[in-house]
1. Quick one: if you stick a label point 7 Å off each Cα along the C-beta vector at residue 26 and residue 421, how many nm between them?
2. What ranking do 419, 331, 103 get, fewest neighbouring Cβ atoms within 10 angstrom at the top?
3. What distance in nm lies between label points placed 7 Å from Cα along the C-beta direction at residue 262 and residue 361?
4. Label 7 Å along Cα→Cβ of residue 61; segment 73-117 residues with amide nitrogen under 13 Å?
5. Measuring from a point 7 Å past the Cα of residue 348 along Cα-to-C-beta, which residues in segment 370-389 have an amide N at less than 13 Å?
6. Would you mind ranking 329, 236, 204 so that the residue whose beta carbon has the fewest other beta carbons within 10 Å leads the list?
7. Once you have the Cα-Cα distance between residue 35 and residue 236, take 0.36 nm times their residue separation minus that, and quote the gain in nm to one decimal.
8. Give me 97, 193 ranked fewest to most by other Cβ atoms within 10 Å of their Cβ, as a rough exposure proxy.
């Protein structure tokens, strides 16, 4: 079997991971970058391999191309873009083995301008460098906003991607003076570093505006560059899960910031923001529907838990902390229902709608009563997975309600659920004594009925004798 046949076979196995809608019936076309620059103007499969320091890849406008990179290395000089996705083009990029792409001048390593789309999957690795004059690693060239960039599918065999901006370019996002575009990261290991001219690790280039960044899962490390850079910088930042670390990698003389955005939404996972100046830019509106906040001590990195601010608040007071961590918090349990019994009540409930990407270890039921002063304040802990409990020791004739909290990893407790219905234990059959009385009463009725039947029979007999 020839080397080219082996490449095609390996590629077909890797391409099998593509969604069905993205697959083609024909075998892929194998191209070697050493043979010259590549221009793709048809929607089919390509495998690109080889090394060059002068040839480039271009995907023409309006084309949807499925491309696999296989041991590809492009290291350019002389004001060139190594991999150019033109306006309105879409590239589904599969990574296989080791790949490296470097542009020069103001160009992005992989250019994805506004209107273009790039989806990266596969089990290989990719290292991308933007040109030193303001190009993003992946995204816009200098002066350009990024298009739509999606990395990973949220599976084990997701790619490892390293993206480095040049000058004021972002690692992933806009070139210098360019907006962040639409960035969606599902991968399991992503590293993005902004250029030394203040580019964000992920998001806007230095001087740029706009951009929506969504981090769904995996491990994401993002670094700002020197000279007042921001690690994650966008108009809207959404963190849905996984582990995200934002860091400053400057010289120490500049005021690096961890996260800056007009709106930051944290839904779940783990976030640690480190900045030379501050973790969050002052005035950032942070919306934590399911979150808990802690500070990390500058010296020992020991965790010191703090209560989270209210939804929609800003960080003028605590934003100057250099190290801030957030972990996901489950939402409250739902649909708490209580059924009364004799000196007891059976309480059932449903799990939270969201767990904050933080495993729920067990639930705790709390008892409330305006009548009973002996209600315990600490609550009753259920076994893991249990969503029903019989609460005993209640007083008959007293009113009770119940609320439930979810206890998650890292000592995180959800907000309390809404209150259950009000129950009054007691009566039903008065437990043991009540049931006996009920049986005695039934027996009495039977005897009484027999007595009347006997009397009626006697009267009838007398009447017949007459």
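None of the figures in this text is laboratory data; all of them are computed from the coordinates on show. All values derive from a computational prediction rather than experimental measurement. Because the Cβ atoms are built from the backbone with ideal geometry, glycine has one as well, and the counts that use them run over all protein chains shown.
1. 6.7 nm
2. Ordered by Cβ neighbours within 10 Å, fewest first: 419, 331, 103.
3. For the pair residue 262/residue 361, the computed spacing is 4.1 nm.
4. What the label zone holds, given the 13 Å backbone N cut-off, is 86-89, 115-116.
5. Within reach of a label on residue 348, which here means backbone N under 13 Å from a point 7 Å along Cα→Cβ, segment 370-389 contributes 387-389.
6. Result, fewest neighbours first: 236, 329, 204.
7. Here the segment from residue 35 to residue 236 would lengthen by 68.0 nm.
8. Ranked by crowding around the Cβ, least crowded first: 97, 193.
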